[in-house]
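The values are calculated or read from the model by the stated rules, or taken from the named source; none is laboratory data. Fair warning: this is a prediction, and the values are worked out from it, not measured in the lab. Using ideal geometry, Cβ is built from the backbone for each residue, glycine included, and neighbour counts are taken over all protein chains shown. Quick note on the areas: whole protein, heavy atoms, side chains included, nothing else; ligands and nucleic acids left out. Shrake-Rupley method; radii C 1.70, N 1.55, O 1.52, S 1.80 Å.
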Amino acid sequence: MTTLDGAIPAEVREKNAGLIADIDDLVSIHGTERSALLPILEGLKSRRDQITDIAIQVVADRLGLTPVDVEGVVTFYHFLGTEPTGDTVIHVCRTISCALLGMDAVVKRLENVTGVSMGETTPDGKVTIDWANCIGMCDFAPAALVNREAVKEVTPDRIAEIVTEARA
Ligand code: FES
């Protein structure tokens, strides 16, 4: 296995020792094949809450990929994200079926009850709201993901309830 540890300044390595240990642990669980990339990133997101640039570099190094490869996966899968998120993360699908069947009203209510805009986290750190591309629930549009669990035919009232439950 190649390693870029030597390429990372000692100070940065020291500061990110826990992160690097987490990545190495996940690599030991999932392996170094390209197919391990998603489970490693998922595991990292659940452990660290944020996938930083350093994390992307180290994961790329461990799997023999480029940072751009890893970043592409992180960007494609909205739930991986690179920003810290709230305890509950709500992704609303913005793709065509959902857009045609009431997503706008759901998002308007969501922004209203949380007091933040899409892509933001409430100041109490409880709820993050963001967009997703099609999540495969087009027959049940508009659809959303709440902590990656699908919510079908979501209405403005239902999304408000979800936020209330998340803040309880
Ligand atoms: S378009 Fe929204 S789930 Fe497919």
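Here region 39-86 has an Rg and Dmax of 9.7, 32 Å, counting Cα atoms alone. Cross-link partners among aspartates and glutamates for LYS108, C-alpha distance below 13 Å, same-chain residues fewer than 8 apart left out? Straight-distance partners of LYS108: ASP130, ASP157. If you plug the beta carbon distance of GLU120 and SER46 into 1/(1 + (r/R0)^6) with R0 = 25 Å, you get a FRET efficiency near 0.75. Note on PHE76/ALA160: beta-carbon distance plugged into 1/(1 + (r/R0)^6) with R0 of 41 Å gives a FRET efficiency of 0.90. Computed from Cα positions, the angle between helix 67-76 and the longest principal axis of the chain comes to roughly 20 degrees. For region 88-167, the direction-averaged projected area of the alpha-carbon convex hull comes to 4.2 nm².
Here the dipole of the chain is about 260 debye; that uses its Cα centre as origin and unit charges on the Cβ of Lys and Arg (positive) and Asp and Glu (negative).
The charge dipole of region 5-76, taken about its Cα centre with unit charges on the Cβ of Lys, Arg, Asp and Glu (plus for the first two, minus for the last two), comes to roughly 100 debye. When both bridge partners sit in the chain, DSSP labels roughly 55% of those beta bridges antiparallel.
Here r is the Cβ-Cβ distance between ASP25 and ASP53 and R0 is 25 Å; the resulting FRET efficiency, rounded to 0.05, is 0.80. Applying a 4.7 Å cutoff between beta carbons, the unpaired cysteines of the chain are CYS134, CYS138.
Taking the protein heavy atoms of the chain in the context of the full set of protein chains, the accessible area attributed to carbon and sulfur is 51 percent at 1.4 Å.
All Cα-Cα distances of region 5-76, cut into 10 Å bins from zero to the largest, leave 21, 59, 20, 0 percent in each bin in turn. Here the chain is described by how far its Cα atoms reach on the three principal axes: 53, 33, 23 Å, from widest to narrowest.
Taken about its Cα centre, region 42-137 carries a charge dipole of roughly 240 debye when the Cβ of each Lys and Arg holds +1 and the Cβ of each Asp and Glu holds -1. Residues in the chain average 54 Å² of solvent-accessible surface per residue, probe 1.4 Å, ligands and nucleic acids excluded.
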